[in-house]
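Here's the structure we're looking at; comments come further down.
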Amino acid sequence: MKVGVDSVLLGAWTDVSNAHKILDVGTGTGLIALMLTQRSQAKIIAVEIEENAAKEATKNVAESIWNDRIDVNHISFQQFLERNTEKFDLIVSNPPYFGNSHKAASYERTLARHNDNLTLKELIQGVTKILNPTGTLALIIPVMEIRGLQNLLFENRLFFRRWTEIKPKPSKPANRVLLQIGKTPTEQYSSALTIYNNDNSFTEAYKELTRDFYLKF
C-alpha cells in the first residue's frame, strides 16, 4: 500500500469522538479509512473515482481485520451524493488540491493530484448536505489554499474547530494545515507540528501522533 505523510497525518490527527458513521472522500488505497477504523468503532464508507486505486483499496480492506466495517465504492463524490440517503458524523478527505500545477503524465496521477474531478467548492457544498448537525469535516490542505477555503466556509455557514499547521522541518515555513470543521461555531483550538528534524529523522511530536501506525521508526 502506498503511504503518504499527508494521509498518515490526517488519519492519526482527526478527532473520531462520537463518530459512528464516517465517509472518506477520495480514499485512494484506503489508508485513511483503515486508520480511522483502527481508532474507532465506526462504520466507514470510502469512495474513490480512480479504478485502480479503488481496486487496491478493496483488496487492502478485504485483507484487514476491519473488513466488516469498511465499504469501498468505485464512484465519484458527485455520483455518491446523488445516491446517498445517509448523514455522517465525520467526513474526511485528503483532497486533490494541485489545481494550478502541471498535469501529471498519467491519467491516474492526474486524478489523484488535480481538482478537475472534485473542486474544493464542490466538496464543501456536498459536505453541507450530508453532514450531521453535530458532525465534522476533517481535511489536510496547503497553506496557500486557506484563504479560498475560508471564503467557502463563510458561504456555506461552516466553522473552524481545530487547526494544526504542519512544518516539514524546523527551518522551513508551514506548508500544510490540518483542519476540522463543523456546522456550529465553537471555541477554536490551534497548534503546530513539525514532521522532520534537520537531520531528516522524525520529530518526537510526529512519532507520538503516529506511532500506532508504524511498525518502527
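Please count how many residues of the range 161-191 are within 27 Å of Leu131 (Cα to Cα) and loosely packed, with under 13 Cβ neighbours inside 10 Å.
Applying the first criterion (within 27 Å of Leu131 (Cα to Cα)) to the range 161-191 yields 161-166, 176-191.
Still in the running and loosely packed, with under 13 Cβ neighbours inside 10 Å: 184-191.
Within the range 161-191, residues that are within 27 Å of Leu131 (Cα to Cα) and loosely packed, with under 13 Cβ neighbours inside 10 Å number 8.
Checking Ile65 against (1) among the aliphatic types (A, V, I, L, M); (2) part of a helix (DSSP H, G or I); (3) surrounded by fewer than 17 Cβ atoms within 10 Å (Cβ to Cβ): exactly one of these is not met. Which one?
Ile65 satisfies every listed condition except (2).
Might you check whether a residue that is assigned to a strand (DSSP E or B) and modelled with pLDDT under 95 occurs anywhere in the range 178-189?
Going through the range 178-189, the residues assigned to a strand (DSSP E or B) turn out to be 178-182, 189.
Adding the requirement that they be modelled with pLDDT under 95 leaves 189.
Yes.
Scan the range 15-27 and tell me whether some residue there is modelled with pLDDT under 95, buried (at least 20 other Cβ atoms within 10 Å of the Cβ) and in contact with a Lys or Arg (Cβ under 7 Å, 6 or more places away or on another chain).
Checked against the condition, which is being modelled with pLDDT under 95, buried (at least 20 other Cβ atoms within 10 Å of the Cβ) and in contact with a Lys or Arg (Cβ under 7 Å, 6 or more places away or on another chain), the range 15-27 yields no hits at all.
Taking the range 182-217 as the region of interest, how many residues are touching a Pro at 6+ places or on another chain (Cβ under 6 Å) and within 25 Å of Leu153 (Cβ to Cβ)?
Selection size over the range 182-217: 1.
From the list Ala57, Ala105, Ala33, which one is surrounded by fewer than 14 Cβ atoms within 10 Å (Cβ to Cβ) and either modelled with pLDDT of 95 or more or of a type in the set (A, V, I, L, M, F, W, C) (or both)? Outline the logic, then answer.
Details: Ala57 fails: surrounded by fewer than 14 Cβ atoms within 10 Å (Cβ to Cβ); Ala33 fails: surrounded by fewer than 14 Cβ atoms within 10 Å (Cβ to Cβ).
The match here is Ala105.
May I ask you to say which residue of Leu158, Leu123, Leu131, Leu215 is more than 16 Å from the chain's Cα centre (by Cα), at pLDDT 90 or above and either aliphatic (A, V, I, L, M) or surrounded by 19 or more Cβ atoms within 10 Å (Cβ to Cβ) (or both)?
Values: Leu123 fails: more than 16 Å from the chain's Cα centre (by Cα); Leu131 fails: more than 16 Å from the chain's Cα centre (by Cα); Leu215 fails: at pLDDT 90 or above.
When all the criteria are applied, what remains is Leu158.
The values are calculated or read from the model by the stated rules, or taken from the named source; none is laboratory data. Just so you know, these numbers come straight off a predicted model, no measurement behind them. Heads up, the Cβs are rebuilt from the backbone with ideal geometry, glycines too, and the neighbour counts pull from every protein chain shown.
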